[in-house]
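One structure below.
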Amino acid sequence: PSQVWIKLKPDGHVDVFSGTCDLGQGSRTVHSQIAADAIGVPYDWVTMDNSNTDSSPLCTGTFASRGTFVAGNAIRLAALKTRESLLDAAAEQMEVDPADLTTEDGYLWPLGSPDRKVSIADIALAATWTHGRMITGQATYMKPFSAPDPDTGECEPHYALSYGVCVADVEVDDETGEVLVTRLTQVYDVGRAIHPAIVSGQIHGGAMMGV
């Protein structure tokens, strides 16, 4: 499992607490994108805090390509709960039904009434200092264990791994044993690429380490 908790500060900015470590693969960037998109705030309003295992929630680890998928889903679910908490606070202040509100790019407004647009920062400020509310959300993501099929012994494919193939064309000097890689082709099924440039960088980096 991966666990996450999120809080919205009085200025509308978002703190995400996660135990998933960024080892250079760019998970802080991707996780910030996921949180910002789910809550409806600009990307630069999000701060990822995964610097201390004493204060962060549990994460099983940064390995096996699980960072974006497993921890990312935990962040998405926690962010949606934070958004729900935000809409409840806004509904109380604006005297509307929470289901009638939408959020985008740091603002919220009743559906069909963009002229009533209000800054999320203003809602967070009033929730904190006027109504004494804390806008927060937490979640855990873990795919349930799938037992092998009793007849075939087959299991479901592992949900956190990307499937791919790597083909290397090489020339080998049969006298010296020298190997020259003339061409390297890699194809991966990555699903939805949250940050295409980071995905490309990971594939190129893996290729070079393979060489």
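Results, tabulated for the structure shown:
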quantity: Debye intensity ratio I(q)/I(0), log10, the chain, q values 0.09, 0.11 Å⁻¹ (C-alpha model); calculated: -0.48, -0.65
quantity: Neighbourhood charge, 14 Å Cβ-Cβ cut-off, centred on residue 131 and excluding it, Lys, Arg +1 and Asp, Glu -1; calculated: -3
quantity: Solvent exposure ordering (accessible area, 1.4 Å, most first) of 188, 141; calculated: 188, 141
quantity: For the chain, built as a Gaussian network whose Cα springs stay under 10 Å, the top-fluctuating residue of 178, 156, 92; calculated: 178
quantity: For region 80-148, the fraction of alpha-carbon pairs in successive 5 Å shells from zero, as %; calculated: 4, 16, 25, 22, 11, 6, 5, 4, 4, 3, 1, 0
quantity: Simple label model, 7 Å out from Cα along Cβ direction - residue 171 to residue 204, nm; calculated: 2.5 nm
quantity: Net dipole in debye of the chain [+1 Lys, Arg Cβ; -1 Asp, Glu Cβ; about Cα centre; nearest 20]; calculated: 780 debye
quantity: FRET efficiency for residue 131 and residue 163, using Cβ-Cβ distance with R0 set to 35 Å, rounded to 0.05; calculated: 0.10
quantity: Carbon + sulfur, % of accessible area of region 109-205 - ligands and nucleic acids excluded, 1.4 Å; calculated: 55 percent
quantity: Pairwise FRET efficiency - residue 189 versus residue 97, Cβ, R0 = 45 Å, nearest 0.05; calculated: 0.60
quantity: Counted charge near residue 14, where neighbours are those whose Cβ lies closer than 15 Å (Asp, Glu -1; Lys, Arg +1); calculated: -2
quantity: Among 144, 196, 114, residue whose mean-square fluctuation peaks in a GNM of the chain (springs only between Cα atoms under 10 Å); calculated: 144
quantity: Portion, in percent, of the accessible area of region 1-106 that falls on carbon or sulfur, probe 1.4 Å; calculated: 48 percent
quantity: Set of region 1-17 residues, backbone N closer than 15 Å to the point 7 Å along the Cα-Cβ line of residue 138; calculated: 2-8, 16-17
quantity: Highest to lowest packing among 77-89, 18-30, scored as the average C-beta count within 10 Å; calculated: 77-89, 18-30
quantity: Estimated FRET transfer efficiency when R0 is 41 angstrom, pair residue 15-residue 156 (beta carbons, to 0.05); calculated: 0.70
quantity: Per residue accessible area in Å² of region 1-94, where ligands, DNA and RNA are left out and the probe is 1.4 Å; calculated: 41 Å²
quantity: Chymotrypsin sites (Phe, Trp or Tyr not before Pro) within region 1-100: DSSP coil, no more than 12 neighbouring Cβ in 10 Å; calculated: 63
quantity: Helical mean residue ellipticity (222 nm; -39500 (n - 2.57) per DSSP H run of 4+; nearest 500) of the chain; calculated: -9500 deg cm²/dmol
quantity: Region 123-211 - charge dipole about Cα centre, Lys and Arg +1 at Cβ, Asp and Glu -1, debye rounded to 20; calculated: 1160 debye
quantity: Most fluctuating residue given options 39, 198, 123, as computed from a GNM of the chain linking Cα atoms under 10 Å; calculated: 198
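The values are calculated or read from the model by the stated rules, or taken from the named source; none is laboratory data. Model, not experiment: these values are computed from the prediction. Methodologically, a virtual Cβ is constructed for each residue, glycine included, from the backbone with ideal geometry; neighbour enumeration extends over all protein chains shown. All accessible areas refer to the heavy atoms of the entire protein, side chains included, with ligands and DNA or RNA removed. Shrake-Rupley method; radii C 1.70, N 1.55, O 1.52, S 1.80 Å.
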